[in-house]
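Trainee: Below: one structure in structure tokens.
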Amino acid sequence: MFVRERFPETALSLDALRALQLARLKEALRHAYASQRPYRAKCEAAGVHPDQLRSLDDLTRFPFTTKADLRDGYPFGMFSVPRERCVRVHASSGTTGRPTVVGYTARDIETWAELMARSLAVAGARPGDVIHNGYGYGLFTGGLGAHYGAERLGCTVVPMSGGFTERQVQLIRDFGARVVLMTPSYMLAVAEEFERQGIDPRGTAMRIGIFGAEPWTESMREEIERRLGIVATDIYGLSEVIGPGVACEFGDSKGGPTIWEDHFLPEIVDPETGAPVADGQPGELVFTTLTKEAMPVIRYRTRDLTRLLPGSASAMRRMAKITGRSDDMLIVRGVNLFPSQVEEQILRDPLLTGHYLIELRREGALDTLTVRVEAREATPEETVLASGRALETRIKGMCGVTATVRIEAPHAIERSMGKARRVLDLRPK
Ligand code: DLL
């Protein structure tokens with residue numbers, strides 16, 4: 001009830017939603033065409049003009065925007081308004097080279113805060129809640145994006161950021177946080193810190209976790225819920241589109257994040273050919289921003305792999321859990337493998353902690369795969385060995401690759417404070 005009253009857009013009928021999207025799309029396309037020279041050049045090369053867009057389906061005739069376009073424009077080349085009209089910039093570091101810079105007008109910040117407030121609300125947060133925000137503050141969009149949304153919803157925000165794990169536990173407990181935000185991998189590290197301090201998280205006010213910024217599996221969700229006694233929901237977003245709050249899961253029905261389609265139009269395409277893929281089929285997620293002023297993106301290739309699912313709690317569609325990014329896919333001796341597949345197999349064993357690192361090496365002409373995992377405290381030696389062998393068998397059986405499992409001492413694998421690094425590729429380039 002609260003969600004529908006405070007965020008009536010979530011109750012739009014399908015017809016009203018499609019009409020709103022079409023009106024906004026026409027405007028967004030004109031805005032990008034008029035203000036982003038690189039995008040206009042692509043349209044001209046493809047022989048298309050915004051006036052030719054009459055239906056939502058016509059969008060597939062327009063060119064994509066890629067990460068390379070944003071990098072080429074470094075730093076402010078993709079801005080659609082004079083830099084002076086931007087009240088903020090964020091940047092994502094990326095793995096190589098220049099960061100990707102994104103800008104926001106005052107209205108963009110308002111939109112973002114409102115959508116982030118909507119996300120927190122559907123996950124189960126309510127005005128008056130204490131929200132512990134463990135997403136990193138700074139150029140990363142996680143911290144400030146969640147912060148503004150929580151304030152807008154009327155919550156008391158604890159701007160904790162990542163790190164200082166002992167302090168995270170102390171403040172969650174002392175300040176009575178009902179809602180906790182951080183990456184799922186870091187939540188696991190915080191769960192361990194609760195255990196180390198001998199504090200039962202069930203005895204705190206913490207009830208809801210809103211986790212994202214990195215891929216995580218259903219098995220990871222179960223592990224977090226079991227260890228902390230909370231409801232774990234999935235929030236999705238990316239800086240190029242706005243930041244966190246592009247989509248968020250309803251806490252009571254789960255089933256994948258609902259995409260805020262009144263602001264971001266999703267498509268799925270074949271990652272190799274770019275051809276459209278029907279709802280329900282797997283492929284690469286593509287977004288068109290419908291209301292962004294400072295940096296609209298038309299058909300932005302996210303490289304995230306997922307499927308579009310029909311709406312459940314709203315007419316807006318959901319996305320299935322991200323299986324991985326097309327650039328995170330490992331090819332090991334010809335077999336395609338995502339870290340999430342390995343994660344699922346690890347978490348089937350209650351003796352393993354859920355912290356892991358996949359190492360790839362080349363020996364002679366062959367790639368080798370080592371999966372480093374950790375046993376929980378005080379696991380007897382023979383049990384550890386048996387767990388390792390069983391995991392090798394499951395990885396071979398379920399993922400089709402031969403892996404060597406190395407079980408390490410508790411805490412041997414580095415904890416991340418934000419996005420976890422799951423793969424170390426030591427193969428020569
Ligand atoms: O990670 C924004 C964010 C902050 C989302 C906090 C959720 C919570 P970037 O740093 O630009 O932005 O990274 C975006 O992270 O393309 C996905 O690959 C991945 N990602 C984000 N959320 C999820 C999720 C933020 N729920 C990239 N599940 C995206 C899986 C996610 N992957």
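What follows is calculated from the coordinates using simple rules that are stated; it is not laboratory data. A quick note: this is a predicted structure, and the numbers were derived from the prediction, not measured. So basically every Cβ, Gly included, is an ideal-geometry build from the backbone, and we count neighbours across all protein chains shown.
Trainee: Order 354-360, 40-46, 142-148 from most to least packed using the mean count of other Cβ atoms within 10 Å.
Mentor: Ranking the peptides 354-360, 40-46, 142-148 by packing returns 142-148, 354-360, 40-46.
Trainee: Amide H neighbours of V423 under 5 Å, counting only residues 5+ apart in sequence or on other chains, H built in-plane at 1.01 Å?
Mentor: When sequence neighbours closer than 5 places are left aside, the close amide H contacts are I358.
Trainee: Sticking with the crude label model, points 7 Å out along Cα→Cβ, report the distance from A45 to S219 in nm, one decimal please.
Mentor: 4.3
Trainee: Okay, moving on. Between E363 and I331, what's the calculated FRET efficiency when r is the beta-carbon distance and R0 is 22 Å? Round to 0.05.
Mentor: Step by step, r from the Cβ atoms, then E = 0.85.
Trainee: With the radius of gyration and the Kirkwood radius both derived from the Cα set of region 324-429, what is their ratio Rg to Rh?
Mentor: Across region 324-429, the Cα-based Rg/Rh ratio is 0.95.
Trainee: A follow-up question, please. On alpha-carbon atoms, Rg over Rh for region 24-105 using Kirkwood Rh?
Mentor: Computed over Cα atoms, the ratio is 1.00.
Trainee: Let me ask another. Only four residue types carry charge here, +1 at the Cβ of Lys and Arg and -1 at the Cβ of Asp and Glu. Report the dipole size of region 167-245 about the Cα centre in Debye, rounded to the nearest 20.
Mentor: 360
Trainee: For A205, put the label point 7 Å out on the Cα→Cβ axis and report which residues of region 215-255 keep their amide N under 20 Å from it.
Mentor: Answer for this model: 228-233.
Trainee: Now for a different question. How big is region 133-276 in terms of Cα radius of gyration and Dmax, in angstroms?
Mentor: 15.9, 54
Trainee: I want to make sure I understand the PRE zone here: with the label point 7 angstrom from the Cα of K396 toward its beta carbon, which residues in region 373-390 have backbone N atoms less than 18 Å away?
Mentor: Correct set: 385-390.
Trainee: To continue, here is another question. Highest mean first, what order results for 248-258, 318-328 on Cβ atoms within 10 Å?
Mentor: The peptides rank, most packed first, as 248-258, 318-328.
Trainee: Per-residue ellipticity at 222 nm for the chain, helices alone: DSSP H runs ≥ 4 residues times -39500 (n - 2.57), over residue total, nearest 500 deg cm²/dmol?
Mentor: -10000 deg cm²/dmol
Trainee: Over the Cα atoms of the chain, what is the Rg over Rh ratio if Rh follows Kirkwood?
Mentor: 0.97
Trainee: Now, a different point. Please list, or write none, the aspartates and glutamates whose alpha carbon is within less than 17 Å of the alpha carbon of K254, excluding same-chain residues fewer than 8 places away.
Mentor: E218, E222, E223, E225, D234
Trainee: Less than 14 Å Cβ to Cβ from G198, Lys/Arg counted +1 and Asp/Glu -1: what total charge do the surrounding residues give?
Mentor: -3
Trainee: Ranking request for peptides 334-342, 12-20: highest mean number of other beta-carbon atoms within 10 Å first, then the rest in descending order.
Mentor: The most tightly packed comes first, giving 334-342, 12-20.
Trainee: With the cut-off at 1.5 for a/c, could you classify region 252-328 from its C-alpha gyration tensor as rounded, prolate or oblate?
Mentor: The shape class here is oblate.
Trainee: Quote to one decimal, in nm, the extra length available between T273 and R4 on full extension: 0.36 nm per residue of separation minus the C-alpha distance between them.
Mentor: That works out to 92.9 nm of additional length.
Trainee: Under 20 °C and 1.002 mPa s, how fast does region 39-160 diffuse according to Stokes-Einstein, given a Kirkwood radius computed over C-alpha pairs? Answer in µm²/s, whole number.
Mentor: It diffuses with D of about 127 µm²/s by this estimate.
Trainee: Additional query: Please work out how much length the chain gains when fully extended from R98 to L20, using 0.36 nm per residue of separation minus the C-alpha to C-alpha distance, in nm with one decimal.
Mentor: Roughly 24.5 nm would be gained on extension.
Trainee: In nm, what is the difference between 0.36 nm times the number of residues separating T66 and V423 and their Cα-Cα distance?
Mentor: Here the segment from T66 to V423 would lengthen by 126.1 nm.
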